[in-house]
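K.L.:
So that we are looking at the same thing, I have put the structure below in structure tokens.
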Amino acid sequence: MRTVRELLTGLTYTCDQGTIDQEITDLVYDSRKEFREGSMFVCLTGMVYDAHVYITQAIEKGAKVLVVEKGVQAYKGVTIIRVSNTRYALAMISAAYFDYPARKLTIIGITGTKGKTTTAWMTKALLEKAGYQTGIIGTIGACYQDRMIKTKNSTPESYELHFLFDQMYKAGCTHVVMEVSSQAFMTCRVAGIYFQYGIYTNLSPDHIGKGEHKDFEEYLFYKSQIFQNSEICIANADDKYFNRVKEKSTCKKIYTFGCQKGEDIWAEQITCLREPDFIGIYCKICGVYQMGLKIGCMGRFNAYNAMAAMMAAYLLRVPDKDIIEVMYHMAVRGRVEPVHISEKVQLLIDYAHNAASVESLLTTMLEYQPKRLICVFGAGGNRSKLRRYDMGEIAGRYADLSILTADNPRFEEVEDIIADIKVGMERSHGHYIEIPDRKEAIRYSIEHAENGDMIVLFGKGHEDYQEIKGIRYPFEDRKVVEEVIYEKRNSRRDCKSL
């Protein structure tokens with residue numbers, strides 16, 4: 001147990017009531033969770049949520065210390081600490097509560113509009129190949145030593161973040177690779193964390209609107225924070241906003257990557273490569289490395305993700321031979337992820353779920369010159385209809401066949417969502433069929449594929465559930481593909497026995 005005084009180290013605060021020399025039994029910021037008698041409750045405020053409203057319930061559950069950012073009424077026997085920003089306070093208190101685990105680890109933070117997840121998993125794979133015990137925190141979840149923990153956000157709330165650091169350190173990890181969203185900087189989730197290495201991938205207009213960033217300038221500002229919170233930065237010099245995001249950099253050194261000669265690491269001769277047992281890209285890597293490299297991730301843009309990861313690997317002295325082997329076998333769950341179904345047809349799974357990401361995905365796949373491009377997709381329920389129209393229009397423009405099906409319908413009917421997608425399909429005169437059951441849609445795509453075809457299942461990517469009427473049912477595209485292939489093989493055996 002720690003005293004209130006110890007947990008408030010480094011914070012500016014006022015003790016409005018009680019004593020800061022008492023011990024606390026637990027740290028809680030969500031009033032819905034269990035409390036131990038003697039807990040500290042940090043009252044967070046957000047766009048639609050204000051934990052100050054739930055102070056009475058927290059005290060009834062056992063809270064004896066409140067951390068607030070506004071005046072509250074006096075409560076008998078309760079210590080009240082007032083700060084200017086409870087989100088910042090939670091980050092500082094959480095670090096102290098878990099005995100500053102981030103300071104015991106080498107942390108690599110990755111930010112950017114696109115490429116964070118792929119770059120993170122590439123970096124993790126390279127470090128592990130070189131013998132570093134490495135954890136990862138990001139969109140797919142938190143993973144270390146074959147343990148997978150689901151996370152709500154790409155960058156979890158500060159309490160969860162320090163809890164994960166603590167667990168990883170105790171499990172023997174020396175390094176952690178993590179995705180750092182602009183929201184994480186804005187809401188102080190990573191306040192007080194100093195990255196030994198920060199990676200900047202790129203920037204494009206996104207996450208702007210209600211509940212996110214008010215405008216692009218704010219979005220750019222928070223993305224640029226990686227350059228002020230890292231000892232060393234690795235950055236994409238080809239990105240159009242690179243000079244702006246690095247303007248107020250305080251890091252000791254910036255290493256650059258790109259496709260122009262003279263960067264610390266650069267790529268030449270990037271080509272799409274499709275072979276019976278390999279699909280990805282080839283490029284010649286120059287600068288700190290000199291090698292021809294096959295990267296098992298589709299799309300020329302993955303050369304950038306690979307270079308970012310390789311620059312981090314170089315600084316951490318990962319051998320060349322390890323890089324060549326890891327990159328050849330590289331696959332990121334739900335990110336243009338290949339799933340083997342035959343030598344003649346290639347199937348991929350991707351998380352693309354808006355117009356921009358779908359267009360990027362499909363144009364990338366067309367570079368591999370498939371005989372036909374077949375898409376299996378739906379759209380999320382209780383979300384923008386405009387997104388459905390646009391996705392349908394783009395799929396109709398690029399795909400030879402679209403199989404319209406369920407995604408996460410939530411509280412809408414699948415048929416109603418499909419009807420919206422069809423509005424967009426008709427704009428581009430795309431060819432489509434409707435199979436509302438996603439497993440049956442996947443089965444149809446596989447059973448009707450022809451030699452040279454490429455199939456892509458997009459929208460769900462790494463997700464392992466399907467949300468219907470408020471319930472999350474187990475459903476993972478990759479496992480469903482495996483089930484369909486297994487059932488198809490068994491069906492053939494049964495036919496032979498007849």
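The values are calculated or read from the model by the stated rules, or taken from the named source; none is laboratory data. Fair warning: this is a prediction, and the values are worked out from it, not measured in the lab. Neighbour counts run over all protein chains shown; Cβ positions are idealised from the backbone, glycine included. Calculation scope for accessible area: heavy atoms of the full protein, side chains included, ligands and nucleic acids excluded. Shrake-Rupley method; radii C 1.70, N 1.55, O 1.52, S 1.80 Å.
K.L.:
What residues qualify as long-range amide H neighbours of MET330, i.e. H under 5 Å apart, gap of 5 or more or another chain, H built at 1.01 Å from N?
P.N.:
Correct list: GLY296.
K.L.:
Let me ask something else about it. LYS253: which lysines have alpha carbons under 28 Å from its alpha carbon, excluding same-chain residues fewer than 8 sequence positions away?
P.N.:
LYS104, LYS114, LYS116, LYS124, LYS129, LYS223, LYS240, LYS261, LYS284, LYS321
K.L.:
Given labels modelled 7 Å from the Cα in the Cβ direction, how far is it in nm from ARG410 to ARG317?
P.N.:
The modelled label-to-label distance comes out at 5.0 nm.
K.L.:
In Å, what Rg and Dmax follow from the Cα atoms of the chain?
P.N.:
24.8, 83
K.L.:
Separate question: In terms of solvent-accessible area of protein heavy atoms at a 1.4 angstrom probe, what is the ranking of LEU347, LEU11, highest value first?
P.N.:
Result of the area sort, largest leading: LEU11, LEU347.
K.L.:
Further question: What does DSSP give for the chain in terms of the percent of beta bridges that are antiparallel, rounded to the nearest 5?
P.N.:
Counting DSSP beta bridges with both partners in the chain, the antiparallel share is about 40 percent.
K.L.:
Any idea how far the Cα center of the stretch 362-423 sits from the one of the stretch 285-317, in Å?
P.N.:
Each part's Cα centre sits 32 Å from the other's.
K.L.:
For the residue pair VAL48 and ASN243, what label-to-label distance in nm results when each label sits 7 Å from Cα along the Cα-to-beta-carbon direction?
P.N.:
So the two model labels end up 4.2 nm from each other.
K.L.:
Quick query: amide H of TYR465 versus all other amide H atoms, modeled in the peptide plane; which residues come in under 5 Å with a sequence gap of 5 or more or a different chain?
P.N.:
PHE475
K.L.:
Now for a separate question. On a 0 to 90 degree scale, rounded to 10, what angle separates helix 302-315 from the longest Cα axis of the chain?
P.N.:
Orientation of helix 302-315: about 50 degrees from the principal axis.
K.L.:
R0 = 30 Å: FRET efficiency of GLU268 with GLU218, Cβ-based, nearest 0.05?
P.N.:
0.25
K.L.:
If you don't mind, there's one more thing I want to ask. By per-residue mean of other Cβ atoms within 10 Å, what is the highest-first order of 283-293, 245-255?
P.N.:
283-293, 245-255
K.L.:
Any idea how far the Cα center of the stretch 103-162 sits from the one of the stretch 171-240, in Å?
P.N.:
Spelled out, the Cα-based centre of one part sits 14 Å from the other.
K.L.:
Accessible area of the stretch 111-210 with a 1.4 Å probe: how many percent of it is carbon plus sulfur?
P.N.:
In the stretch 111-210, the share of accessible area belonging to carbon and sulfur is 49 percent.
K.L.:
Would you please classify the overall shape of the stretch 353-454 from the alpha carbon gyration tensor, given that a ≥ b ≥ c denote the square roots of the eigenvalues, rounded means a/c under 1.5, and beyond that prolate means a/b larger than b/c while oblate covers the rest?
P.N.:
Judged from the Cα gyration tensor, the stretch 353-454 comes out oblate (a/c at least 1.5, b/c at or above a/b).
K.L.:
Let me ask you something else. Can you give me the angle between helix 355-366 and the longest principal axis of the chain, using Cα atoms only, in degrees from 0 to 90, rounded to the nearest 10?
P.N.:
40 degrees
K.L.:
Still on this structure, I have one more. Heavy atoms only, 1.4 Å probe, whole protein assembly: order THR364, THR151 by accessible area, highest first.
P.N.:
So, going from the largest accessible area down, we get THR151, THR364.
K.L.:
While we're on this one: State, as an integer percentage, the relative contact order of the stretch 219-365 based on alpha-carbon contacts under 8 Å between residues 6 or more apart.
P.N.:
Rounded, it is 15 percent for the stretch 219-365.
K.L.:
Can you compute the FRET efficiency between ILE471 and GLU6 using 1/(1 + (r/R0)^6), with r the Cβ-Cβ distance and R0 = 51 Å? Round to the nearest 0.05.
P.N.:
Efficiency for this residue pair is about 0.75.
K.L.:
Just to confirm the number: angle between the C-alpha axis of helix 385-398 and the first principal axis of the chain, 0 to 90 degrees, nearest 10?
P.N.:
Tilt relative to the chain: about 30 degrees.
K.L.:
Then there is this: Starting from the stretch 437-473, pick out the trypsin sites (Lys or Arg not before Pro) whose DSSP state is loop and whose Cβ has at most 11 other Cβ atoms within 10 Å.
P.N.:
Listed in order of number, the matching sites are LYS469.
K.L.:
Return the distance in nm (one decimal) between the two label points of a simple spin-label model at ILE324 and GLU483, each offset 7 Å from Cα along Cα→Cβ.
P.N.:
Result for the modelled spin labels: 4.2 nm.
K.L.:
May I ask you to order 134-142, 450-458 by the average number of other C-beta atoms within 10 Å around their residues, highest value first?
P.N.:
Per-residue mean Cβ counts within 10 Å order the peptides as 134-142, 450-458.
K.L.:
Using a probe radius of 1.4 Å on heavy atoms only, what accessible surface per residue do you get for the chain? Whole Å² is fine.
P.N.:
44 Å²
K.L.:
As a check on your grasp of the helix formula, calculate [θ] at 222 nm for the chain: sum -39500 (n - 2.57) over DSSP H runs of n ≥ 4, divide by the residue count, round to the nearest 500.
P.N.:
Computed ellipticity for the chain at 222 nm equals -9500 deg cm²/dmol.
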